[in-house]
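Undergrad: Let me give you the structure first, and then I'll get to my questions.
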């Protein structure tokens with residue numbers, strides 16, 4: 001199984017069009033989902049699942065909040081989930097750029113169907129929880145917004161999983177963790193691609 005994007009080259013920079021944070025920290029980007037397409041799907045595939053994860057997210061919230069102190073490249077990192085979709089129909093092979101997200105939706109987009117699959121919660125749900133103007137449930141795609149004072153360039157992995165079941169047993173408002181647990185033992189193949197993004201000048 002393979003995956004590619006017409007929106008960015010593997011291991012190259014994502015444009016601000018696909019990010020929540022604009023380049024150099026000047027407000028918001030376009031927040032459009034990038035184009036994705038996949039093929040060489042294994043026999044027996046009954047559905048797909050999709051994840052987009054930043055694997056370079058800082059783990060110290062206080063350091064993230066302190067814009068006056070640069071976050072070192074060596075600072076411990078964790079995952080920040082930007083997109084979760086389950087139960088994508090088996091005949092889907094492509095997601096058009098901007099078809100699932102376009103611009104910022106304050107308090108989050110409602111749960112819906114990206115590429116025919118059910119959207120889950122991304123991690124902006126927790127990130128904005130203490131902000132009265134932004135708090136809400138963030139379903140579907142919301143793009144990169146790494147801290148402008150982070151010295152590390154972040155990597156955003158888009159992963160598509162071919163599954164041997166048509167639907168997964170998931171909570172109504174499910175997370176990436178819920179999806180990964182439900183997929184266990186059902187993954188026939190996986191394809192991944194990543195783009196990079198940074199707001200550090």
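Bear in mind these aren't lab numbers, they're just calculated from the coordinates by the rules spelled out. Source: prediction; values computed, not measured. So basically every Cβ, Gly included, is an ideal-geometry build from the backbone, and we count neighbours across all protein chains shown.
Undergrad: Residue 55 to residue 180: extension gain in nm, 0.36 nm per residue of separation minus the Cα-Cα distance?
TA: The span from residue 55 to residue 180 would gain 43.4 nm if fully extended.
Undergrad: Sticking with this structure for a sec: May I ask you to list the residues of region 171-201 whose amide nitrogen lies under 15 Å from a point 7 Å from Cα along the Cα→beta-carbon direction of residue 23?
TA: Within reach of a label on residue 23: 196-201.
Undergrad: Pulled fully out, how much extra length does the chain show between residue 196 and residue 165, if you take 0.36 nm times their separation in residues and subtract their Cα-Cα distance?
TA: Length gained between residue 196 and residue 165: 8.0 nm.
Undergrad: I would also like to ask the following. Which residue fluctuates most in the GNM of the chain (Cα springs below 10 Å): 177, 98, 116?
TA: Of 177, 98, 116, the Gaussian network model singles out 177 as fluctuating most.
Undergrad: I want to verify a result. In a Gaussian network model of the chain, Cα cutoff 10 Å, which of these has the top mean-square fluctuation: 165, 41, 73?
TA: For the chain, modelled as a Gaussian network with Cα springs under 10 Å, the answer is 73.
Undergrad: Can you give me the distance in nm between label points at residue 157 and residue 90, each placed 7 Å from the Cα along the Cα-to-Cβ direction?
TA: Roughly 2.7 nm, to one decimal.
Undergrad: Something else: Quick one: P(r) of region 99-179 from all Cα-Cα pairs, 10 Å bins, percents rounded to integers, in order of increasing distance.
TA: 15, 44, 32, 8, 1
Undergrad: Taking a label point 7 Å from the Cα of residue 99 along the Cα→Cβ vector, which residues of region 113-143 have an amide N closer than 16 Å to it?
TA: Under 16 Å, as judged by backbone N against the label point of residue 99, lie 113-119, 141 of region 113-143.
Undergrad: Now for a different question. Using the C-alpha atoms of region 8-63, what convex hull volume per residue, in cubic angstrom, is computed?
TA: Dividing the Cα hull volume of region 8-63 by its residue count gives 143 Å³.
Undergrad: A further question on this structure: Any number yet on Rg/Rh for region 2-197, C-alpha, Kirkwood?
TA: 0.96
Undergrad: Tell me the relative contact order for the chain as a rounded percent, counting alpha carbon contacts under 8 Å between residues six or more apart.
TA: In percent, rounded to a whole number, it is 30.
Undergrad: Just order 3-10, 144-151 by mean Cβ neighbour count inside 10 Å, highest at the front, would you?
TA: 144-151, 3-10
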